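Note sheet for the following structure.
Read-outs throughout are calculated quantities, based only on the coordinates presented, and are distinct from any laboratory measurement. Quantities reported herein were computed from a predicted structural model and do not represent experimental measurements. Cβ placement follows ideal geometry from the backbone for every residue including glycine, while neighbour counts extend to all protein chains displayed.
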Amino acid sequence: MSDLSSRLATLLSLTPPQLRAQWREVWRKAAPDIGPDLLRRGIAWKLQSRLHGELPVHIRREIHAAVTRMQRGDPVASPRPSLRSGTRLVREWRGRTYQVVVLERGFEYDNCQYRSLTQIARAITGTHQSGLVFFGLRQRPSPPPPRRAK
């Protein structure tokens with residue numbers, strides 16, 4: 001059993017005061033007023049993130065956006081469509097048909113690999129455009145209504 005595995009297993013046997021002490025050691029600040037189960041989860045997450053790294057910035061942004069939507073009462077569904085590898089996206093633009101194949105990591109267009117649909121939309125149009133909008137996977141955000149003069 002690895003050191004991390006043994007530390008995680010030990011968390012199950014700790015009492016609430018011991019968990020609070022462990023939290024202070026791991027997070028370097030006082031434990032929040034939460035139950036033992038959440039203390040264990042928070043400690044476990046911190047230990048794992050030290051070993052494997054933290055969440056990428058884009059994931060943290062998505063989580064923050066989901067929390068904001070939830071607080072406003074908006075739907076929390078992810079704004080990114082989920083595309084399986086092998087999916088073929090087809091777009092007709094200026095009389096020509098363009099095909100993109102979704103790969104395990106990225107996309108293939110014109111026998112070249114790209115990291116994002118936005119890069120492909122730029123290669124096709126020569127201008128910066130949202131790849132999701134260009135390929136019809138997301139609607140262009142509508143402009144806010146005009147403000148009325150008081």
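Annotations for the structure displayed:
- By average C-beta atoms within 10 angstrom, highest first, the peptides 128-135, 43-50: 128-135, 43-50
- Here Kirkwood radius over Cα pairs in Å was calculated from the structure, and among (1) 20.0; (2) 16.3; (3) 16.8 it sits at label (1).
- For the pair Leu55 and Leu8, label points projected 7 Å from Cα toward Cβ lie 1.8 nm apart.
- Residue-averaged [θ]222 nm for the chain, counting only DSSP H segments that reach four residues, each worth -39500 (n - 2.57): -13500 deg cm²/dmol
- Take the Cα of Ala44, step 7 Å toward its Cβ, do the same at Arg28, and the gap between the two points is 2.5 nm.
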